[in-house]
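First the structure, which I've put down as structure tokens, then a few questions once you've had a look.
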Amino acid sequence: MRVAAQPLTLEAYSPYGNVIMASPRGEDGKPANRGTARRFNHLAPVDDLRPGAATLNVCVFRCAPRLVFPLPVLLLEKHPASTQVFLPMNARRYLVLVARGGDAPDLGTLAAFLASGAQGVSYHPGVWHHPMIALDAAIDFSCLVWEDGTESDCVEVPYAEGEIEVTIE
């Protein structure tokens, strides 16, 4: 199976999560910091579906660049009880690979998106996704995710090399 990346847009990505960026729909935002900034509120929920003791983990992933394509997909993962948010700190562009599904990814919903460095993403709880795919150079991503330290924080499904590949144009 080969998946071609498409540009990351609010509409195309909405079944999987939210695109996080300033002025996502062309709005002006609200004045902040005595007029030195514009604030764009409520861009994405950060949901915790657990009934108890999860804590919000704010962490950073440093991702090595992927320079050879097509890219073999060796695993997809999901966070069944939490939104996961990724905000690039030093990116020009990166690749996002997502799918819906229950106990396993529904590969009929598999989609790849090419994101700019001005766009962050969230994954809805339970959305299958590939680990972050840096392009061109290493990228640091701030990440927000609710975790309780159990195996259900992150569920993975492996794939054989060559079974799924992602291309970019």
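Yes or no: segment 123-140 includes at least one residue that is aromatic (Phe, Trp, Tyr) and out of contact with any strand residue (DSSP E or B) (no Cβ under 6 Å at 6 or more places or on another chain).
No: segment 123-140 contains no residue that is aromatic (Phe, Trp, Tyr) and out of contact with any strand residue (DSSP E or B) (no Cβ under 6 Å at 6 or more places or on another chain).
Okay, moving on. What number of residues within segment 151-169 are surrounded by 10 or more Cβ atoms within 10 Å (Cβ to Cβ), modelled with pLDDT of 95 or more and assigned to a loop (DSSP other than H, G, I, E, B)?
Of the residues in that region, 4 qualify.
Also: Suppose we keep only residues that are under 20 Å from residue 145 (Cα atoms) and small (Gly, Ala, Ser) within segment 76-100. Which one would you say is farthest from the chain's Cα centre (by Cα)?
Ranking the qualifying residues of segment 76-100, first place goes to 81.
Could you tell me whether segment 4-18 includes any residue that is in a loop (DSSP other than H, G, I, E, B), surrounded by fewer than 15 Cβ atoms within 10 Å (Cβ to Cβ) and over 19 Å from the mean Cα position of the chain (by Cα)?
no
Do we find that residue 22 is out of contact with any helix residue (DSSP H, G or I) (no Cβ under 6 Å at 6 or more places or on another chain), modelled with pLDDT under 95 and surrounded by 11 or more Cβ atoms within 10 Å (Cβ to Cβ) in this structure?
Answer is yes for this residue.
Sticking with this one: Report yes if residue 34 is among the basic types (Lys, Arg), more than 19 Å from residue 117 (Cα to Cα) and assigned to a loop (DSSP other than H, G, I, E, B), otherwise no.
In short, no.
State which residue is surrounded by the fewest Cβ atoms within 10 Å (Cβ to Cβ) when the search covers only segment 117-138 and only residues that are out of contact with any Lys or Arg (no Cβ under 6 Å at 6 or more places or on another chain) and in a strand (DSSP E or B).
The selected residue is 129.
Check segment 64-79 and report whether any residue there is of a type in the set (Gly, Ala, Ser) and surrounded by 13 or more Cβ atoms within 10 Å (Cβ to Cβ).
No; the residues of segment 64-79 include none that is of a type in the set (Gly, Ala, Ser) and surrounded by 13 or more Cβ atoms within 10 Å (Cβ to Cβ).
Ok, one more. I'm trying to understand the selection: among the residues of segment 19-31, which are under 17 Å from the mean Cα position of the chain (by Cα) and outside any loop (DSSP other than H, G, I, E, B)?
19, 20
For segment 29-77, which residues satisfy the criterion of being closer than 20 Å to residue 139 by Cβ and of a type in the set (Asp, Glu)?
Result: 77, single match.
For the condition at negative phi and not aliphatic (A, V, I, L, M), what is the one hit in 35, 117, 29?
117 is the lone residue from the list that is at negative phi and not aliphatic (A, V, I, L, M).
Based on this model, can you work out whether residue 54 counts as over 18 Å from residue 16 (Cβ atoms) and buried (at least 20 other Cβ atoms within 10 Å of the Cβ)?
no
The values are calculated or read from the model by the stated rules, or taken from the named source; none is laboratory data. Only a predicted model underlies this, so the values are computations on that prediction, with no experimental measurement involved. Here Cβ is always computed from backbone atoms with ideal geometry, including for glycine, and neighbour counts include all displayed protein chains.
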